[in-house]
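Down below is the structure, laid out as structure tokens.
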């Protein structure tokens, strides 16, 4: 994939492992049946029928976000927008949704025989993580908040590990800030999907001039592979001209995901196309969903481009795993890496 390289060249690998679909952006506000400001940051899932579902964040001209289902048979063309919103803020029932709902991430949970949707609810006290369930993407059951403010960029692992559910998220509590300067990815445990405890740091934002210094967060849901849990995360680089949102990758141990097997040193996808460089928020690629073809290994990232439209990037999961295992950072194993969390 990256060819034979010398030790000196390894530091400068060009590792963008995704190609943009030639029809990007695949969905814009101009496609909508009524006036909206923008559509972006979709969760994604491929149904057993082969149909691709996007649960997209739609921002109204008021500035408040809600979710809408968008469907395609091939996942690239012929998108059909459901005529009515799938989920809207309901502050009378769920006060934490006062200022909108944002950035859904979707997993199928065999144990529940349902799809679980983690999303950001924007409360008057700040963002937090909420949970909803659906079997058909027609009716949705909101279960309410599962974290306190300030928290976002969250997803549940699709199966229990060590007898517990695991949640990847990005809390911004005083404790997190005091303990580790910056904003990082954390891991929490639950026996019931409601109460999350034993919160522990998972991936720390790097410091200094790194592309993912000071602020990182989960992108798409974790993917179970024979090599480990593959996760994509966004890193935010602060520059004199503003922030740049790029995507990197890491691999976690299958049986104990708090142990990092490998973490990419460089970003693998970043803003480059005009629709990613200029929009409501410039210089942003922000994936919240993916689909995977188990036979071919084709992996599609569905992402928000500059907080304005939806686009898709296509890669191969085997190439990504190969790159991570060959060229990623492999943290030293700690004694606590072998200890499973016990939840009362």
Self-check item: Residue with peak Gaussian network fluctuation, the chain [Cα springs, cutoff 10 Å], from 163, 248, 270
Solution: 163
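Could you tell me the calculated FRET efficiency between residue 84 and residue 125, based on Cβ-Cβ distance and R0 = 22 angstrom, to the nearest 0.05? Don't jump to the answer; show the numbers that get you there.
Values: r = 30 Å, r/R0 = 1.35.
Once rounded, the FRET efficiency stands at 0.15.
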Practice problem: Within 10 Å of each residue's Cβ, count the other Cβ atoms and sort 109, 247 from fewest upward. | Solution: 109, 247
Practice problem: Quickly rank 17-25, 62-70 as a protection proxy: mean count of other C-beta atoms within 10 Å, highest first. | Solution: 62-70, 17-25
Quiz item: Build a GNM of the chain with springs between Cα atoms under 10 Å: which of 121, 213, 249 gets the top mean-square fluctuation?
Solution: 213
Practice problem: Name the residue, out of 132, 116, 241, whose mean-square fluctuation peaks in a Gaussian network model built on the chain with Cα pairs under 10 Å. | Solution: 241
Exercise. Please work out the FRET efficiency for the pair residue 318 and residue 76, using the Cβ-Cβ distance as r and a Förster radius of 25 Å; give the result to the nearest 0.05.
Key: 0.75
Quiz item: Where q = 0.08, 0.09, 0.14 Å⁻¹, what log10 of I(q)/I(0) comes from the Debye formula for the chain, counting one point per Cα?
Solution: -0.35, -0.45, -1.17
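Please work out the FRET efficiency for the pair residue 330 and residue 49, using the Cβ-Cβ distance as r and a Förster radius of 25 Å; give the result to the nearest 0.05.
Values: r = 40 Å, r/R0 = 1.61.
After rounding, the FRET efficiency stands at 0.05.
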Quiz item: In the chain, what percentage of the DSSP-assigned beta bridges are antiparallel, given to the nearest 5?
Solution: 95
Quiz item: Between segment 192-257 and segment 138-155, how many Å separate their Cα centres?
Solution: 19
Exercise. Based on a Kirkwood Rh over C-alpha pairs, give the Stokes-Einstein translational diffusion coefficient of segment 199-344 at 25 °C and viscosity 0.890 mPa s in µm²/s.
Key: 152
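Taken together, the values in this text are just the output of simple stated rules run on the coordinates, not laboratory data. Source: prediction; values computed, not measured. Reconstructed Cβ throughout: ideal geometry from the backbone, glycine too, with neighbour counts over all protein chains shown.
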